[in-house]
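All remarks here apply to the structure that follows.
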Amino acid sequence: MPEHQMAPEKEKDVLIRMVSGARRIADALKGYIGDVRVISHHDADGITSAAIICKALAREGKGFHLSFIKQLYEEDIDALSKEEGGLIVFLDLGSGQLDLIQDRLISEGKRVIVADHHQIQGEIVSDSLMHLNPTEFGIEENISGSGTAYLIARAMSPENKELSELAVIGAIGDSQMGSIGPHWGLIGLNKEILKDAENAGKIKVSKGLRIWGRTTRPIHKALEYSVDPYIPGISNSESGAVHFLQEIGVNLRDENGEWKTLSTLTKDEMEKLTTGIIKERVRDNHENPHWIFGDVYDLLDKNGIKDANEFATILNSAGKQNMGHVGVALCLNDKEYFTMIDEMLNKYRREIGKSLRWLEKNMGNVRRTENANYVLAGSKIPENVVSNVVSIAHRSRFLPDSEKDKPLFAFVDSDRGETKISARLSDDAVEKGLSLQEVISKAASVVGGQGGGHAGAAGASIPKGEEERFINSIEEILKKVSENQNEETGTTEGINDGREEGEAGREEAGEKAEGQEGVQEAERKGLVRYFGA
C-alpha cells in the first residue's frame with residue numbers, strides 16, 4: 001500500500017458521500033419484496049462481504065440465495081439473466097463488468113446492486129443499476145469490498161454495527177494493512193470501521209510484532225515463514241530460525257513440552273526476540289531495521305481464534321477450496337463448522353508450500369526482461385493458490401533486490417481451459433504512477449481475454465496459446481510507461497507530503513476547528529458521526 005494517507009477533510013468528504021450512496025442501496029434492499037440473489041467473490045474479502053450483507057438481510061426478514069465465484073464471466077451473467085427474481089447483488093466484484101451487467105441483466109428487467117472496490121470499467125447509464133465503489137471518490141486502498149458492504153449494512157440498521165468486525169477481517173485478508181512511516185496497521189476509512197468494531201466490543205487493538213501466526217504457529221515456524229518483515233538468515237530457513245532462538249536464549253518449548261508461540265512468550269523473551277530481529281536486520285544493512293512492529297487485532301468472539309490475520313487466512317482457505325459457505329458460517333459463529341478448520345487450513349497450506357518449493361527450485365527459469373518478470377508455471381501451481389504464491393514470492397527475496405520494482409506475472413492453467421495470470425507490483429512502483437490494473441486489462445483485451453484488479457495487484461484470464469502475445473503486449477505497454485516516466489523525471493512542482501494545500505500552514509499557525517478533546521471524542525465514536533446512531 002502506498003505510504004501516505006488522505007488528508008482528514010478529504011477523507012471526511014468521501015465518507016459522507018459513500019454513506020449517502022450506502023443509504024440509497026440500503027433503502028432499496030429494505031424495500032424489495034422477494035428473495036435477493038447474492039453473488040460474491042470467493043476470497044476472504046468476498047466471504048466477509050457476503051456474511052455482512054446476508055446477516056443484514058436476515059435481520060430484515062429477507063430471503064436470499066448466495067453463490068461464490070472466482071471471477072465474473074460473461075456466461076455467469078447470462079445464467080443470472082435466466083434466473084427468477086428481480087434483484088441481484090454483486091459483492092467484491094462487478095465493477096469491471098458494468099457494461100455487460102447493463103446489457104445482459106438490466107435489459108432483462110433485473111435490478112442490480114454492485115458493492116465493490118476494484119477498478120471500474122464501463123459507464124452507468126441505467127437507474128436500475130446502483131453502484132457503490134470507493135474508487136469513484138479517489139480511494140484505492142483504504143477500504144475493501146467488505147468495508148463497502150458494511151457501509152450498506154450499517155445504513156440498514158444500527159444493529160449491524162457489530163458486523164464491523166467482519167469488515168476489518170476482510171480488509172486484512174485483502175492485504176490492506178500498510179504503513180505510515182514506522183506505523184503498521186489499518187488506515188483511512190478502514191480505521192473508521194475499526195473504531196466501530198472496538199466500540200462494539202468485537203476487536204481489541206494492541207501493539208506487537210507484525211509476524212503472522214502469533215497464536216497458532218510454533219515460534220520457530222512463525223519466524224521461518226516471515227517475509228514481511230524479512231529476517232536475514234531466518235526467513236525461509238527453519239534451521240536458521242531454530243539456531244537464532246537458541247542463540248538469544250528463547251526455548252522452543254514451554255515447561256509442559258508444548259511449542260511456544262509468539263503470544264505465549266514472556267515479556268523478557270519478547271524483548272530478547274525483538275532486539276535479536278532488529279540486530280539481524282541492522283547486520284544485513286536493511287532499510288529501517290526497526291520497522292517490525294504494528295497493530296495487532298485480537299478477535300473477542302470467534303470461538304478461540306484470536307488473531308484477525310489468522311482468521312482471514314482461514315476464510316481464504318475456505319473460499320479457495322470451494323467452501324465459501326463454510327467461511328460464512330465461521331463469520332457468523334456457527335460452532336459446528338469450527339471443527340473443520342484444521343483440516344481445511346492444513347490442506348491449503350500444503351498446496352501453497354508445495355507451489356513455493358517448486359517456484360524456488362525453478363527461479364532460474366523465470367523469464368526476466370528489462371520491464372518485468374514472468375513465471376510460466378502451467379499446472380505446477382494450482383489456480384486456486386496462485387495469487388497467494390505470487391504475493392509471497394513478490395514480498396520475499398525470491399528475486400534479487402534489483403528486480404523488486406518490476407512487476408511479477410505468474411501464468412497457470414485454469415480449470416476453464418484458459419491461462420490465468422496473477423500479478424503483483426511494489427508500492428514504490430505504484431507511487432511512481434504505474435497501475436497493474438490498467439496494464440493487465442489492456443494486454444488481456446488485445447488477446448481476447450479480460451483482466452482487472454488494483455494498481456498493485458491484478459489478474460487476468462486469457463485464451464490458451466496467447467501467452468506470448470500477451471507478454472509482448474505487456475512489454476510494449478511497460479516500455480511506453482517507462483519512457484513517459486523518464487520524460488517527467490525532475491518535475492517536482494506541487495509535490496508535498498500528502499497533505500492538502502494549506503494544511504501545514506494551518507497547523508503551524510495553531511488553528512483548530514475544534515478543541516482537541518472534542519476531536520478525540522469524535523474520533524472515538526467512529527462511523528456514528530456519519531450514520532447518527
_Boolean, I234 is buried (at least 19 other Cβ atoms within 10 Å of the Cβ) and part of a helix (DSSP H, G or I)_ = no
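So which residues in segment 127-143 are polar (S, T, N, Q), part of a loop (DSSP other than H, G, I, E, B) and at pLDDT below 95, if there are any at all?
The one that is polar (S, T, N, Q), part of a loop (DSSP other than H, G, I, E, B) and at pLDDT below 95: N142.
From L98, L93, L66, grab the single residue that is assigned to a loop (DSSP other than H, G, I, E, B), under 26 Å from the mean Cα position of the chain (by Cα) and within 24 Å of D43 (Cβ to Cβ).
Result of the check over L98, L93, L66: L93.
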*Out of L105, L129, L98, L151, which single residue is closer than 30 Å to Y297 by Cβ, surrounded by 18 or more Cβ atoms within 10 Å (Cβ to Cβ) and of a type outside the set (G, A, S)?*
L151
*Determine if segment 271-278 includes at least one residue that is in a helix (DSSP H, G or I) and loosely packed, with under 15 Cβ neighbours inside 10 Å.*
yes
*Matching residues, segment 144-172, being in contact with a Lys or Arg (Cβ under 9 Å, 6 or more places away or on another chain) and part of a loop (DSSP other than H, G, I, E, B)*: S157
*Would you kindly identify the helices (runs of 4 or more DSSP H) lying entirely within segment 296-401 that contain at least 1 residues that are touching a helix residue (DSSP H, G or I) at 6+ places or on another chain (Cβ under 8 Å), small (G, A, S) and within 30 Å of Q485 (Cβ to Cβ)?*
386-395
*Considering only residues of segment 363-401 that are over 16 Å from the mean Cα position of the chain (by Cα) and of a type in the set (S, T, Y), which is farthest from D174 (Cα to Cα)?*
T369
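Kindly indicate whether A372 is touching a Pro at 6+ places or on another chain (Cβ under 8 Å), at pLDDT 95 or above and surrounded by fewer than 21 Cβ atoms within 10 Å (Cβ to Cβ).
yes
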*Please find, within segment 215-231, the residue that is surrounded by the fewest Cβ atoms within 10 Å (Cβ to Cβ) out of those that are in a loop (DSSP other than H, G, I, E, B) and within 20 Å of the chain's Cα centre (by Cα).*
D228
*Residues of segment 443-479 that turn out to be more than 21 Å from G378 (Cα to Cα), at pLDDT below 95 and hydrophobic (A, V, I, L, M, F, W, C), as a count*: 1
*Can you tell me how many residues in segment 391-424 are within 30 Å of D284 (Cα to Cα), surrounded by fewer than 18 Cβ atoms within 10 Å (Cβ to Cβ) and without any contact (Cβ under 8 Å) to a residue 60 or more places away in the chain?*
7
_What pairs come out if I take residues in segment 213-228 that are more than 15 Å from E310 (Cβ to Cβ) and pair them with residues that are charged (D, E, K, R) and assigned to a helix (DSSP H, G or I) whose C-beta lies under 6 Å away, six or more apart or interchain?_
E224/E238; V227/R395; D228/R395
*Show the residue pairs that are 6+ apart or on different chains and have beta-carbon atoms under 6 Å apart, the first residue being within segment 35-47 and part of a strand (DSSP E or B), the second being hydroxyl-bearing (S, T, Y).*
I39/S67; S40/S49
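The values are calculated or read from the model by the stated rules, or taken from the named source; none is laboratory data. Computed from a prediction, not measured in an experiment: that's the story for all the values here. Here the Cβ is made from the backbone with ideal geometry for all residues, glycine too, and neighbour counts use every protein chain on show.
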